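In what follows, a structure is listed as C-alpha cells, so that the remarks can point back to it.
The values are calculated or read from the model by the stated rules, or taken from the named source; none is laboratory data. None of the values given here were measured: they were computed from a predicted structure. Backbone-built Cβ (ideal geometry, glycine too); neighbour counts: all protein chains shown. Surface accessibility is based on the protein's heavy atoms, side chains included, excluding ligands, DNA and RNA. Shrake-Rupley method; radii C 1.70, N 1.55, O 1.52, S 1.80 Å.
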Amino acid sequence: MCQYFYPEHVSSATLITELALGLKKRGLDVSVVCGYPQEYISNNFKIKQVDEILEGITIKRVKYTAYNNKSKFGRIFNFFSLFLSMLMKLFYLRKFNMIIVYSNPPILPLVACLLKKIYGTEFIFVAFDVYPDNALKIKSIKENGIIHKLMKFINNCVYSNASNIVLLGNEMKDYVLNQNIAKSSINLKVIPNWFSNEKMVQQTLVVNDEFIEIKENYKFIVLYSGNMGAVQDMETILQGILNFKDHPDIFFVFSGHGSKVEYVKNFIEQNSIANCKVFGFLKGQDYSDVLSISSLCLVSLEKGIEGLGVPSKTYGYLAAGKPVLSIMRHDTDIVKDLAEYECGVNILQGDIVGFVNGINRYFMDFPLTKMESSNAKKLYKAKYTKDINIDKYYELI
C-alpha cells in the first residue's frame with residue numbers, strides 16, 4: 001500500500017515496484033493498492049487503467065487530488081485525498097494476510113492501523129523518513145501545532161501496532177529508540193534500500209553529446225545527483241565549489257529536483273561559476289552517461305537530519321564504482337561503510353576546507369581513485385543489491 005508505484009519513476013516508486021515483483025518471484029501472492037500515476041511520469045506517458053495486471057501482480061489504483069505539492073496546503077489536501085481514497089479500499093484490503101505500508105505520505109499508515117483494529121490484518125511499516133521529526137527539523141510545521149499532534153498520534157498508532165518496523169539504517173533505529181518513538185527494539189528491523197539497474201551503470205559508452213563534450217574538456221568530473229531539498233546540505237557543496245571556480249580540469253554536475261534547485265542555479269549564475277551546470281532529473285541513458293563520466297560523487301544531509309532518513313542515491317554511486325564524498329555525521333551506516341571498504345571520505349556540514357581537501361585527494365591521485373572505485377563496487381555487491389535486501393523482506397514476511 002503506497003502512494004507511488006509503476007509507472008512513476010521517482011525512486012520510492014521504483015523501489016516498491018521492484019519489491020513487489022521480487023516477492024512475487026519468490027512465490028508470494030502479491031497485490032498493490034496505490035495512487036493513480038500523475039506526478040512523476042514521463043512526457044510520453046500513456047493513461048493507465050485504474051486496475052492492471054503487472055507480471056502477475058494485481059494493481060488497484062485510487063484517484064486523488066493533484067494540487068501543487070510545493071504548496072503546504074496543496075500537499076496536505078493531496079495527502080488527505082489519498083487517505084480517503086485508500087479508506088474506500090478497506091473492505092478489499094481485509095482479505096490479505098500481511099500489508100506492507102510506507103511512511104510516505106505520513107497519514108497513509110493510519111489505514112493499516114484501522115485494518116489491524118477492525119479485521120486483525122497484520123502489517124509491516126517501512127519508514128523511509130521519521131515523521132514529524134524531519135518536518136520539525138526543517139521548520140515546515142510548528143511544534144505542538146495541529147499537524148505535529150496528528151503525526152504524533154499516527155506514530156503512536158503505527159509503531160505500537162505494526163508487526164515489524166523496517167528502518168533504512170542503524171542511525172534511524174537508534175533515533176526512534178532514543179526519542180521513544182518506538183518502545184522496544186524487538187520488532188525493529190534494519191533493511192536498506194538498494195540500487196538495481198546494474199546493467200545501466202556498467203555501460204561505458206556515453207551517448208549524450210553534452211556529456212561527451214564535458215568529458216573531453218575536463219579531466220575530473222564531480223557529480224551530485226538526486227534530491228536537492230530541505231534535508232540536503234547544498235550550502236557546504238556550493239561554498240566548496242567556489243574554491244574551484246574556473247578550474248581548467250575540474251567540472252561539477254548537478255542533476256535532480258527539489259526545493260533548492262533554483263537556489264543552486266542562482267548561486268552558480270551569480271558567482272559566474274563556468275565549470276558547473278545543473279541538469280534536471282536524469283534517468284535511463286542520460287543518467288548512465290553522467291555516472292559514466294563522473295570521477296567522484298557527492299551525497300549530503302543537513303545537520304541534525306541524520307537518523308531521520310538515509311540518502312539512498314549513494315547506492316547507485318557505489319554500483320557504478322564511484323568513490324563518494326559524503327557530508328554528514330560520522331556515525332551513519334553510509335560513512336562507516338565508506339571507511340570500512342575504503343571507497344570514500346566524509347566531512348561534517350560547514351567544513352569547506354574538508355570539502356576542498358576531499359576533492360583534491362582524488363583529483364591529485366588517480367591510482368587512489370581507481371582503487372577506491374573498485375572498492376565501491378565491492379561494497380555495493382556486499383550490502384546494497386536488490387536481491388540481498390528483497391530476501392530480507394521475504395524472510396521477514
On the basis of being more than 18 Å from residue 194 (Cβ to Cβ) and hydrophobic (A, V, I, L, M, F, W, C), does residue 324 make the cut? no
Quick count over the stretch 124-134, residues being touching a Leu at 6+ places or on another chain (Cβ under 7 Å) and farther than 7 Å from residue 103 by Cβ, is 4
Note on the stretch 122-148: residues among the charged types (D, E, K, R) and out of contact with any His (no Cβ under 7 Å at 6 or more places or on another chain) are 122, 129, 133, 137, 139, 143
Contact list, first residue from the stretch 142-155 and over 24 Å from residue 116 (Cα atoms), second anywhere and in a helix (DSSP H, G or I) and modelled with pLDDT of 85 or more, beta-carbon distance below 7 Å, six or more apart or interchain, is 142/148
Expected single match for polar (S, T, N, Q) and touching a helix residue (DSSP H, G or I) at 6+ places or on another chain (Cβ under 8 Å) among 156, 69, 180, 134 is 69
- Could you please let me know if residue 53 is more than 16 Å from residue 102 (Cα to Cα) and among the aliphatic types (A, V, I, L, M)? yes
Residue 304 passes all but one of the listed conditions (1) open to solvent by 10 Å² or more (accessible area, probe 1.4 Å); (2) over 29 Å from residue 171 (Cα atoms); the exception is number (2)
Q.
Looking for something touching a strand residue (DSSP E or B) at 6+ places or on another chain (Cβ under 9 Å) and among the hydroxyl-bearing types (Ser, Thr, Tyr) - is there at least one such residue anywhere in the stretch 232-241?
A. yes
With the first residue restricted to the stretch 10-27 and required to be touching a residue at least 40 places away in the same chain (Cβ under 8 Å) and under 11 Å from residue 196 (Cα atoms), and the second required to be in a helix (DSSP H, G or I) and open to solvent by less than 20 Å² (accessible area, probe 1.4 Å), Cβ contacts under 8 Å at 6 or more apart or on different chains are 18/390; 19/390; 19/393
The stretch 1-112: strands (runs of 3 or more DSSP E) wholly inside it with 2 or more residues that are acidic (Asp, Glu) are 51-54
Counting only residues in the stretch 178-231 that are more than 24 Å from residue 154 (Cα to Cα), among the β-branched types (Val, Ile, Thr) and open to solvent by 20 Å² or more (accessible area, probe 1.4 Å), the one modelled with the lowest pLDDT is identified as 204
Filter the stretch 97-142 for residues that are hydrophobic (A, V, I, L, M, F, W, C) and touching a Pro at 6+ places or on another chain (Cβ under 7 Å); the one that is farthest from residue 155 (Cα to Cα) is 141
Restricting attention to the stretch 359-397, the residues that are under 20 Å from residue 298 (Cα atoms), open to solvent by 40 Å² or more (accessible area, probe 1.4 Å) and of a type in the set (A, V, I, L, M) number exactly 2
Taking the conditions exactly as written (surrounded by 21 or more Cβ atoms within 10 Å (Cβ to Cβ), modelled with pLDDT under 95 and more than 18 Å from residue 209 (Cα to Cα)), does residue 312 satisfy them or not?
yes
Note on the stretch 327-344: residues among the small types (Gly, Ala, Ser) and surrounded by 24 or more Cβ atoms within 10 Å (Cβ to Cβ) are 344
* To do: Report yes if residue 332 is over 23 Å from the mean Cα position of the chain (by Cα) and β-branched (Val, Ile, Thr), otherwise no.
  => no
Okay, strands (runs of 3 or more DSSP E) sitting entirely in the stretch 260-345 with 2 or more residues that are farther than 19 Å from residue 245 by Cβ, I get 296-300, 324-327
Does residue 46 satisfy being open to solvent by 50 Å² or more (accessible area, probe 1.4 Å) and in contact (Cβ under 8 Å) with a residue 12 or more places away in the chain? no
Here the qualifying pairs (Cβ atoms under 7 Å; residues six or more apart or on different chains; first in the stretch 226-251 and closer than 21 Å to residue 216 by Cβ and in a loop (DSSP other than H, G, I, E, B); second open to solvent by 60 Å² or more (accessible area, probe 1.4 Å) and of a type outside the set (Gly, Ala, Ser)) come out as 249/219
